[in-house]
Amino acid sequence: MDFLAPETDWLDIRYCADDDDDTFYRELPEAQVIWHVLRPISGDDLEASDIVSVHLPLTERTAGMLDRAALARMNPDAVVVNTSRGGVIDEVALVDALRTSGLAAAGLDVFAVEPIPADNPLLGLDNVTLTPHVTW
């Protein structure tokens, strides 16, 4: 976590080695948000998660990682958030899942084609929140 040291004046980061909620809340009782699933995502994670937030570089291995099959495994009440790279999620499959109630919603600040074309179907979906991509 040394790479985060320059940011500690504004970024409150603490580490807990155990991967269970009871330990996290005991060790970090005042935490309002706990991120502890920092591992490759599995099908079991997709099925059990209410929110999947994607933070990956776009590589040959991650391109289309959340494809039609992966999105179909998700809970229909789930939300996908992608702030990494647009190509990590199969956009056509995502639109289909959002249109057919396969997913509840999506939050995106990255897209397969950028800038996002005016005819991109994501722009017309009420269950999608789109924002500009902002990095720190």
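Tabulated values for the structure
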read-out: Size of charge dipole - the stretch 41-136 - debye, nearest 20, with Cβ of Lys, Arg +1 and Asp, Glu -1, no other charges; value: 120 debye
read-out: Burial ranking of peptide ranges 63-73, 49-59, 79-89, 112-122 (average Cβ count within 10 Å, highest at the top); value: 79-89, 63-73, 49-59, 112-122
read-out: Neighbourhood charge, 11 Å Cβ-Cβ cut-off, centred on A63 and excluding it, Lys, Arg +1 and Asp, Glu -1; value: -1
read-out: Calculated P(r) of the stretch 41-136 - Cα pairs past 24 Å, %; value: 12 percent
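Readers should treat all values here as calculations from the given coordinates under stated rules, not as data from a laboratory. What you see is a predicted model, and the numbers here were worked out from it, not measured in a lab. All Cβ positions, even for glycine, are placed from backbone atoms using ideal geometry, and neighbour counts span all protein chains on display.
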